[in-house]
Structure formats: C-alpha cells, structure tokens
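The values are calculated or read from the model by the stated rules, or taken from the named source; none is laboratory data. Source: prediction; values computed, not measured. Note: ideal-geometry Cβ built from the backbone for every residue, glycine included; neighbour counts use all protein chains shown. Only protein heavy atoms, including side chains, enter the accessible area calculation; ligands, DNA and RNA are left aside. Shrake-Rupley method; radii C 1.70, N 1.55, O 1.52, S 1.80 Å.
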Amino acid sequence: MDIILNSLNSAQKEAVIYHKEPLLILAGAGSGKTRVLICRIAYFIKNGASPRNILAVTFTNKAAEEMRKRISSLVSELSEKGLWIGTFHSVCLRILKSEKVVPDFIIYDDADQTNLIKECIKKLNLSDKQFRPKAVLEKISRAKDNLLDIDEYSEFCENFYEKKVADIYKEYQTRLREIKAMDFGDLIMNTVRIFNDFPDILSKYHNKFRYIFVDEYQDTNHAQYELIRLFTAGDASISVVGDPDQSIYKWRGADISNIMNFERDFAGAKVIKLEENYRSTQAILSAANSVIKNNSNRREKNLWTQNLEGANPIYYQAYDEIEEAKFISEQIKNLLINNKTYKDIAIFYRVHALSRLLEDNLRRESIPYKIIGGVRFYDRKEVKDILGYLRVISNPEDLVNIKRIINLPPRGIGDTTLKKLTKHASEKKLSIFSLLSKLDTISDITSRTKSKIKDFANIIKKYQTFKGSITKMAKELIAELNYVDYLHSTDPGTAHEREENIFGVVSAIAEYEENTQNPLLRDFLDQVALLSNIDNWDSESDAIALMTVHGAKGLEFPICFIAGMEEDIFPHINSSLETSDLEEERRLCYVGMTRAKEKLYLSSALRRRIHGTWRNTITSRFIDEIPDNLLVKTYKRGNNSTDNSLKYESLEDDECVYKVGQKIMHPKWGRGTVVSKTGRGEKAKITVHFWKENIRKTLLVKYANLRNS
C-alpha cells in the first residue's frame, strides 16, 4: 500500500488518507478519481475497517466490477461476502430481497416497461400518438426519481395531458403489482420507503455500513440523494467523488445541486480538488477549459497536465453534412497510416440522427465501426424471445412476456384468442397463466386452440420443475421450441447471426453460473435487467466507436471527433430558453472534448438537411468560446477531390474587412458582435450575435449592408 501511496500526487494522496468525514473529492476529467476512490477504500481496510462495514456505490455494473477487482488486488483481506460494491439499483435490489418486506418480485427492464405502458394506454382508451409510450414512461420515471407516488404526482398535474399521464401511472403500478414486478425507479423508491417506515431496518444498515463511498456524485438524482442521506443519518463516514463540470444527465433526473450543496448537507465537509489530468494533452485541456469557464454554476478549478503540449484541436467547417462525413473518413484513413488502430478512434455526436451519413461513409471506405448505445444485445428480438420464456418460467404472472411468447414460434394462438384469455382472466380475477389450467370452463375458444394453449402451458410447467443447471435448461428449452429452425424459416439471411445471439444467452448463463455460489434463474434475470449499454461494450474490438456525447461519459480514446458543432444541434435547440439547460449543454461539450487523449477534431457544416430540407446553419457558440490561438480552423479546397492527403486552409481571412470581436450595426437586427468568419472575397461570410434579439445570423458580407458600431 505504501508503494501505491508514493505513486500518487499530493492531492490524490491527501484524498486517500484523509481520516475525518465527510469528504468531497472534486475530481476533474482524467484526474485519476477511480484510482483515488479505490485506494481510499483499500486504505481504510488496511487501517482496520472491516470490509463488511463498507458500501461503495457507482453507476454502472462495469464500473462496480472493475472497482471490486482493483480493490481485491490491493487488499488480501477482502472476502467475497464482505464488501458491498454495486450500482444504486443493485444495492437496493439486494436490500429488498434480503428484508422481504415487499413480496417477491421480478425486475422489468426498459423494453418490458415500455410494452406494459403500451397496454395501459390501450386499456385506458388513449391514443398512443398523443401519449407516446416512451415519453409517458419517462415522465413516470422522473416522478419516481423525485419519490412521488401516484397521489403525490397527481397533485402536480394541471392540464389534460398531465392528468392522463397520472391515470396511466396508476394503471401501470397496478399492473406491476399484479404481475409481481418492479421497474428501476421502484427499486430505489421502495428502499427509501422501507427505511422511512421501518426504523429497525434502517438501524440495521446504520450498524452495518460505517463507511460509505459514492462515485459520480454529480449524477445522483433526488431519490439517490435521499437514499444516501438515510444511510448516513447514523454515524457513517461518507466520501463522495464527482465533478459538477461533468453533470450531464439532468434529462434523466440528475440534480447538480446535490454536489454543489454538499458542504451544506454534510456539515464540516472537507473538499479536495484533483486538477492534474493524466489523460489529455495540455492543448486539449486548454481548449476544454476555455469552454467550461463560461458556465456560472460550477466550482472553480482548472485542469492541467504534465503531458506533452500536443497539437491544438482542429475545427473543420464543411460546406455541408456530406462533406463533413467525408472529412472524418479521410482523417481516419490518414490516422491509420500513422500507426493508429480503429479502436483508438471515436466519433461523437449530439443526436443519433447525425450517425447515418457518418455510417454511410465509413461503410463506403470499408472502415469497421460499432454503434455504442444502439440496440443492446439483450434487447434484440431473438434474445428477448428466449429471455421471455425464461422470465415466464421464473414468474408465470408475467403477463407482458406471456403475450410475447405464447405464439412464438407460431403455434396458432392469435391476437383474438389472447384478447379472450385476457378478458376471461380479468372476469375470473385470475392471472392468464392460472387460467390456462381452467380452459375447460371457457366456451368461446375452440378445442383445437385449447390444445395448443395447453401445449404451451406444459412447456412452461416442465421447465419450472427442471432438475439440472440453468445452462442445461436453456439449451433443452431452445431445442424443444425448435427455435433455430424458426429463425432459418423466417429470415434465412440473418438466421446465422441471430442463432449466435440466442446461444450467446446460453453462454451468458454459463458464465453467471460459473461465477455465482448459489445460481438462481431469477437472480440471473435480475442481473440482465440491470445491465446498461456500456456494460456490454467490448473496448478491445478493433472498430471505430460511434456514440452520442452522453454515451461517451466515462470513456477515453486517443483520437476523438465531435461532429455537428452547430447552434440548435450542439447546443441542442431544446436548451435555448433556460440558462441551466444551456450550461448543461456546455458541460456535455466539455465532457466530449476531455475524452480525447492525443488529438481532437471538431466539425460543423454550413448547411444541413433537416426534415428533408437544406437549411443554413450557425457555428456552435462553443467553437466561438475557444480562443483562436487554441484552435486550428480549417476548410477543404476542392469539393470533388479524392486525394487522401487533402490540403486544408485556415478559416481566418485577411481579405475580409470584419474581424472576430468587432462591433457592427445591421439595419434590421441592430447592434451585434462578429463571432466567426469564413470564406474569401465574394464568398466571405460572418456570423454575428445580435444583442437585442439575442440571436445569431450568418451573413454574406457582400450583401449584409453593415456599418461599424
């Protein structure tokens, strides 16, 4: 441990050995926060803290597993059953299963939640066009993030739409209870509720957890904050790590005030800043710092590094989105010539829609790529089908998955029959699966169809009493269903890949069984439900990584491209009215920029096709916030060139009579400031921020009719 401590810088070492509480480690991007947190936990154990008294919470299963492995390598005393490390959801799941205050339950993942919301909307005779299932689910999830039950949520509903969402929320919770399921929000909300309602249970965890560590504290929502507050209401020591400059999840409930108000919430708190960056060059950090310093709601810090100065980030302004995509592909090919590999490179974008042209160009150039945050492995249809069977075997009350699999592979049980079964089950106050054993009491379903329904029910019952491993059960189930033949008969072109996917489920089960002391099917399904996109990403696959900037959080690459640096794209158009939203967009830009270790490319297009129509664009204000001496501004000469060694010229143009920062007057929009300029001679354009209207306009200098202000 002494060797590890001696390898830390002074701020890191102070954060590791600080023995009082509470502690906020204000960790800049790339400053070694994970290492510090791991070393601090190990240091506590080395100095007498029992692993059984430690709780460490993070946001992804991948981060939790990495933390566990790294602590294990530092501390030999760590026992498998001692230290609690997990996500907020997995920790709450463990508590709920242990205390048994609520009836046994399964977890509904995102896809199951959405399908159940669809059924609720349909039952309430509402339009799924007006009440889009994913949008409604988002509102319900945010309500749970704020610990609002149905009655509390209803109090805030003022208009027709909100009141109907409250009705859907009520129906949704009723259905979850009927099928003995919880969604992600329920896990935390119910744990908080149990702690508040059962002081003896809370006291038990006060006695158990004497040391609490929270990673990525800036991303906590109200429910997570309240959970931490309850955990620390006893005498527990609390240490949190976070960075307000990287708080980018307001849209999913994260509350930056949790980290901004840490000293208010935890009296006597110590704040230690980690400002030395070990990831990026100084040139990249200087550019990123120049952007983020424009936010007012932040804690002042300034990233620096002992790394090489490095090359300034490159900003490329393309004529249109097609040229922008070509530029990125061309630069990637040049980088490969210079000994970079595909996996060294990532392309970020603010919205998924920007990926299409990027993908088209990468395919055209035979450049392998992988979309991160696309369809998860566990969300693929064939995978969901097999998981659907396993979920019904585990919980025959699971109506959503019964409806998914009862006619899959096809066995002649159509929608009409399903509607009849649902109707009779409701009238008899039975679950659909319970009804399947009472088919003789139903007169409006034919004997032939009843026989097929019984065949389905018998398959489920057979595997509910299966004697053997979960892996063996899954293999035999797939074989009995003739599911591989079904894949080949429905779509021979993709059957091989889809077959690999279903046996990927078998491999996942086998891996789970190998690494679990008492493996249970229900526990495996819970584990799958809690996985995130990033948990399934293979960082070793040699392919370009494409993802949204949100998806890039926590990752790093030698080379990063950020496309679409335009107003209304990045910053997003939805952020234009609220200062807090705009500041979050700026934090998002900062996060994207600080993912780059060696080279950073920023790009935009002068025009972009939006909803099928070409529209002129305005360069992102984030580009304007980077001083000229920290950015290489370029554009391509010759749109038809296919030469990979393309020549680029500076955007700065001495022929243009206007300079960046110059004050001008326009006859229509009044006074303004020149924020950028492009082109030469007849094609010279300037972008001006007009003060009174608080808008930006790109003007062709020749026809702008401007004068000095």
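Residues in the stretch 175-205 that are among the polar types (S, T, N, Q), open to solvent by 40 Å² or more (accessible area, probe 1.4 Å) and under 30 Å from the mean Cα position of the chain (by Cα): Asn196 only. Close contacts from the stretch 265-288, counting a first residue that is of a type outside the set (Val, Ile, Thr) and a second that is open to solvent by 30 Å² or more (accessible area, probe 1.4 Å) and part of a strand (DSSP E or B), with Cβ to Cβ under 6 Å and a gap of 6+ residues or different chains, come to Arg279/Lys597; Ser280/Lys597. Residues in the stretch 318-328 that are in contact with a Leu (Cβ under 6 Å, 6 or more places away or on another chain) and open to solvent by less than 30 Å² (accessible area, probe 1.4 Å) were compared, and the one that is farthest from Arg595 (Cα to Cα) is Glu321.
Here's the yes/no breakdown for (1) more than 26 Å from the chain's Cα centre (by Cα); (2) open to solvent by 20 Å² or more (accessible area, probe 1.4 Å); (3) of a type outside the set (D, E, K, R):
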{"residue": "Tyr278", "(1), (2), (3)": "no, yes, yes"}
{"residue": "Val291", "(1), (2), (3)": "no, no, yes"}
{"residue": "Asn294", "(1), (2), (3)": "no, yes, yes"}
{"residue": "Tyr316", "(1), (2), (3)": "yes, no, yes"}
{"residue": "Lys333", "(1), (2), (3)": "yes, yes, no"}
{"residue": "Asn338", "(1), (2), (3)": "yes, yes, yes"}
{"residue": "Ile345", "(1), (2), (3)": "no, no, yes"}
{"residue": "His352", "(1), (2), (3)": "no, yes, yes"}
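If the condition is being within 18 Å of Ala15 (Cα to Cα) and surrounded by fewer than 20 Cβ atoms within 10 Å (Cβ to Cβ), then the stretch 49-59 contributes only Ala49.
Only residues that are of a type in the set (Val, Ile, Thr) and touching a Leu at 6+ places or on another chain (Cβ under 6 Å) were counted across the stretch 214-256, and they come to 3. The helices (runs of 4 or more DSSP H) found entirely in the stretch 1-53 that carry 1 or more residues being more than 17 Å from Met67 (Cα to Cα) are 2-6, 10-17.
Table: residues versus (1) within 21 Å of Asp235 (Cβ to Cβ); (2) of a type in the set (S, T, N, Q); (3) open to solvent by 60 Å² or more (accessible area, probe 1.4 Å).
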| position | (1), (2), (3) |
| --- | --- |
| Cys39 | no, no, no |
| Asn61 | no, yes, no |
| Met67 | no, no, no |
| Ile71 | no, no, no |
| Ser76 | no, yes, yes |
| Leu83 | yes, no, no |
| Phe88 | no, no, no |
| Cys92 | no, no, no |
| Lys97 | no, no, no |
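Of the residues making up the stretch 141-165, those that are surrounded by fewer than 20 Cβ atoms within 10 Å (Cβ to Cβ) and small (Gly, Ala, Ser) are Ser141, Ser154. With respect to (1) within 27 Å of the chain's Cα centre (by Cα); (2) under 16 Å from Tyr108 (Cβ atoms), the lone exception for Gly373 is condition (2).
Annotation note: of Lys423, Lys461, the sole residue that is more than 12 Å from Tyr389 (Cα to Cα), free of Cβ contacts under 8 Å to residues at least 24 places away in the same chain, open to solvent by 80 Å² or more (accessible area, probe 1.4 Å) and not acidic (Asp, Glu) is Lys423.
Any residue at all in the stretch 385-400 that is in a helix (DSSP H, G or I), open to solvent by 20 Å² or more (accessible area, probe 1.4 Å), within 21 Å of Lys462 (Cβ to Cβ) and in contact with an Asp or Glu (Cβ under 8 Å, 6 or more places away or on another chain)? Yes: one or more hits. I'd like to know if the stretch 316-336 contains one or more residues that are outside any strand (DSSP E or B) and either without any contact (Cβ under 8 Å) to a residue 24 or more places away in the chain or farther than 28 Å from Ala605 by Cβ (or both). Yes. Could you check, for the stretch 579-597, whether at least one of its residues is surrounded by 13 or more Cβ atoms within 10 Å (Cβ to Cβ), modelled with pLDDT of 95 or more and assigned to a strand (DSSP E or B)? Looking through the stretch 579-597, at least one residue is surrounded by 13 or more Cβ atoms within 10 Å (Cβ to Cβ), modelled with pLDDT of 95 or more and assigned to a strand (DSSP E or B). Output the residue which, of all residues in the stretch 607-628 that are in a strand (DSSP E or B) and charged (D, E, K, R), is modelled with the lowest pLDDT. The extreme case among them is Arg609.
Among residues of the stretch 145-170 that are over 11 Å from Cys120 (Cα atoms) and without any contact (Cβ under 8 Å) to a residue 24 or more places away in the chain, those with a Cβ under 7 angstrom from a residue that is among the aromatic types (Phe, Trp, Tyr) and surrounded by 20 or more Cβ atoms within 10 Å (Cβ to Cβ), sequence gap 6+ or separate chain, pair up as Ile150/Tyr169; Tyr153/Tyr169; Ala166/Tyr153. Before we move on, is Leu487 open to solvent by less than 20 Å² (accessible area, probe 1.4 Å), assigned to a helix (DSSP H, G or I) and in contact with a Leu (Cβ under 7 Å, 6 or more places away or on another chain)? So Leu487 does not fit the description; no.
Applying the criterion of being touching a residue at least 60 places away in the same chain (Cβ under 8 Å) and outside any strand (DSSP E or B) to the residues of the stretch 206-219, the residue that is most open to solvent (accessible area, probe 1.4 Å) is Arg210.
If the condition is being under 25 Å from the mean Cα position of the chain (by Cα) and of a type in the set (Gly, Ala, Ser), then the stretch 255-274 contributes only Ser257. Name the pairs whose Cβ atoms lie under 8 Å apart, with the first residue in the stretch 428-446 and farther than 21 Å from Gly412 by Cβ, the second in a helix (DSSP H, G or I) and aliphatic (A, V, I, L, M), and 6 or more positions between them or separate chains? Going by the 8 Å Cβ cut-off, the qualifying pairs are Lys428/Leu435; Ser431/Leu399; Ser431/Ala425; Ser434/Ala425. Answer yes if at least one residue in the stretch 678-698 is modelled with pLDDT under 80, open to solvent by less than 30 Å² (accessible area, probe 1.4 Å) and in contact with a strand residue (DSSP E or B) (Cβ under 6 Å, 6 or more places away or on another chain), and no otherwise. Yes, some residue in the stretch 678-698 is modelled with pLDDT under 80, open to solvent by less than 30 Å² (accessible area, probe 1.4 Å) and in contact with a strand residue (DSSP E or B) (Cβ under 6 Å, 6 or more places away or on another chain). Count, please, the residues in the stretch 206-248 that happen to be under 17 Å from the mean Cα position of the chain (by Cα) and within 18 Å of Cys92 (Cβ to Cβ). Total satisfying the criteria: 7. All conditions but one from (1) touching a Lys or Arg at 6+ places or on another chain (Cβ under 9 Å); (2) aliphatic (A, V, I, L, M); (3) under 21 Å from Phe570 (Cα atoms) apply to Ala353; the one that does not is (1).
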